[in-house]
Each structure stands twice: as C-alpha cells, then as structure tokens.
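The values are calculated or read from the model by the stated rules, or taken from the named source; none is laboratory data. Because the structure is a prediction, the values reported are computed rather than measured. Here Cβ is always computed from backbone atoms with ideal geometry, including for glycine, and neighbour counts include all displayed protein chains. Heads up: the accessible areas ignore ligands, DNA and RNA and are worked out on the full protein's heavy atoms, side chains in. Shrake-Rupley method; radii C 1.70, N 1.55, O 1.52, S 1.80 Å.
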Amino acid sequence: MFQASRMKAAAALIVSGVLLLVGGIFWVWKDPHPTDHPGYLPQRAPRALRLPALSPQTPPATEGHPSGSEHRTTSYPSGNHSQTFTPLEQGIFWARSLERALPQGFSDEYTLHWQEFARTASVVSMEKGCGRSTNRLVTLSDGSRACVRYGINPEQIQGEVLSFYLSRLLGLHTVPPCVLSKVGSAQWAPVQAELGGTGWTSGSLVTITPWLHNLSSVLPPLSLRAEDGKLLPLREELRSGHAGVVELAQWADLILFDYLTANFDRLVSNLFSLQWDPRVMLRGTNNLHRTADGTLVLLDNEAGLVHGYRLRDTWDKYNGQLLSTVCLFRRGVARRLRELYLARKASEELHSLYLAREPLAADLGSLTELEAQILQDRVGVIYRHIQTCQGKHS
C-alpha cells in the first residue's frame, strides 16, 4: 500500500515536471528577448539623456527668414528605440557633439550677404510695425522686408548695432544682422513723401534688420518658472532630452550675453514683473522668438550696452540672479571671454570690428571710456564666474 502511494506521487511529479518544461519552452518561444520589451528601461550612466521622438514636441513650422537666409535644420533620432548621450564634458562645458547640434543661426555668409544688400537697396514702401510706434516695417527693392528702428535717442541705436557686433565678436549667431542707414539719403528716395509722417528727423541714423516672420514665442526655462519665483540651477533641466538641451544651451548663451550688455528688456523684464504678475513666466519671453530650425533669436537689442549701462543700478540685481543660474558653457564662448579678459581689450576689439564692418560707424559713435570700462568689468565678472563653476563641478 505504502509502495503504491509512493509510485502515484512519483508519477504526479513526473507529469508536473513535463508540464513545467513544456510551459517554459512555450514562454521562451513567445518572448525570446525579454530585455527588448517596451517596458524595460536599461541602466544609464550619470547625466545620460533619452532622445525622445520629436513628433509631439516639434515647434510649429514657420517660414523662417527672408529669401537668402541660410539655416541648417537639426534632426534628432526618433522611433521606438531610445539612444543616450552625455551632454557635459569636464562638468561645465557642453559636449562637442551637442554644440554641433546647435542651430546655425545667422551664418557669416548670410550676414555679410544681407548687410551688403541692405546698405544699397532702395526702400520702396513702408508701414507701421516692428514694435514701437516710431518704427517701420519696410519693403526693399528686391521685395524682401525689413524692420527699421528709430531711436528716441541715439543711445538706443548704438545699443542695437553694437549689441549685434558684440554677438559676432563672441561667436554668437542668434542676433539678427544689422546695418545703419541715414534718413533722407538716396536709399529713401522712393518713399520721400512718406517720411514726413514718421516724425523722424532728416539725417538721423536708424537701424535696419531683416524682418523675421511667423516666429513662435518662447517660454522661459522650467527652472525659472518656479511658483515662488526663485531661480534654480539650470543643471536640473538636463533630463529634458536632446531637443530640450539644445534649447537650454542657447538659453545659457542668452543669459551671458544679456549680462554683458546689461539688457533689461528680455528675460530680466519678466523677472521684474513677477512682483505684481506671478504668471508672467508662463508667457512668452520679451524680444525672444524661435525659428523653424530651433534658433532662439534675440530681437530688439536697443536696451543693451549704452542704455543698459546707464540704468544698470536698477536692473543689475536681476541680471546677476540670472547669471548665477548658469554653470554650463560653450567652449568657444568661454574661450573668447577668457581672451577678452586677459587682453583687457574687449571695447577695443568691439570698436575695431564695428569700424571695419559699418560704414556709418563714425557718424554714430561708439562706447565712451566709462562704458568701455563697464564692458571690460562685466567680462571679468563672467570670467571669474566660469572659474568658480569650474572649481565646483569639474
């Protein structure tokens, strides 16, 4: 009896074993590579980022720049398979691969071509537009359009044109090209009758920049949109994916540039408005737009340098707050700032480039000795800030 029971138990065990074996074979056949399952998330190295599919996040298509503009569209991997990349090198520098992915902006070739044309083209029509009531949206002789800015005083025109040349000196290609024009010159002959209704003084200098149409607005980075209004390190946004980091790198350039020029009419004005409008950081940033290829374009820089330096005591606490959030830099920009700091010739190099490229530079004038010293001092502040970041994070 006991032996029969043992035989029945053994038979049951054999049947169970066979069923388990068959089930295992079926399971392996059904899913031979369990690590390829969509729910599986592989281990990633520190600071590695996922490359998302761009479909839901792609900015709305725009027509971009007037004819002749040359922009390189940056494409990113998409699909079901994720890839990773490391966005930082030595703790504070964007990786070279990431820098190569940055939008081209206003290339040297396009800028020189447009400036040469804009200086000789006739203004064939004009209408109100491009911001302030004293500005005009004009059509040039080839049918392209441009923005003409007439400053309330010459320092605003200086700010616009000198900010452009400072951006080129630093290797930043996100400020639109700019030329000077004299009201009433031969260039304005086709609209001579209309000039009387502008309120412009004959012989005054104005700036001309290409008109950029159908641009999209740009929200401030997430780290600057905290409900309590306090600034958090931009480093926390490194998990935003490749496309987000490409934009973040441009924000870092913007903050450095606006600190150098003491420009208060972009992100600084948003920070200032937080005291009575807690939702201001949830709306588009003033004088900043995005092109179709993802370039963040820094428009209307009249508040930079001359005007900004005169009012820096009012606005510097905000520019200083923003600078303190940035510890991520492009190597080329950091290198250029180091060179300008060590040579102590920031103003001289700016003035030299301005005189070489702008025929009406002498008529408008450049920075005073005091303003030149302020620029050099601000270069020093950023240089020492980069050194501090390097000491903390490298």
Worksheet entry | Given charges at Cβ of Lys, Arg, Asp, Glu: region 253-322 dipole, positive-most of 305, 272, 256 | 272
Worksheet item: Residue farthest toward the positive end of the dipole of region 315-394, with Cβ of Lys/Arg at +1 and Asp/Glu at -1: which of 327, 342, 365?
Response: 327
Practice prompt. Enumerate the calculated ³J(HN,Hα) couplings along region 156-170 in order (Karplus 6.51 cos²θ - 1.76 cosθ + 1.60, θ = phi - 60°), each rounded to whole Hz, writing x wherever the residue is Gly or Pro.
Written response: 6, 5, 4, x, 5, 6, 6, 4, 4, 5, 5, 4, 5, 4, 8
Worksheet item: Roughly speaking, what is the stretch gain from residue 116 to residue 377, that is 0.36 nm per residue apart minus the C-alpha to C-alpha distance, in nm to one decimal?
Response: 90.6 nm
Discussion item. Considering only protein heavy atoms and a probe of 1.4 Å, how much of the accessible area of region 316-384 is carbon and sulfur, as a whole percent?
Written reply: 51
Item to complete: Residues in region 153-167, backbone N under 17 Å from the label point at residue 339 (7 Å along the Cα-to-beta-carbon vector): list them, ranges by number please.
Response: 165-167
Practice prompt. Considering only protein heavy atoms, with the full assembly of protein chains and a 1.4 angstrom probe, order 329, 272 by accessible area, largest first.
Written response: 272, 329
Response to the item:
So, with points 7 Å from each Cα along the Cβ direction, the residue 363-residue 388 label distance in nm works out to 4.4
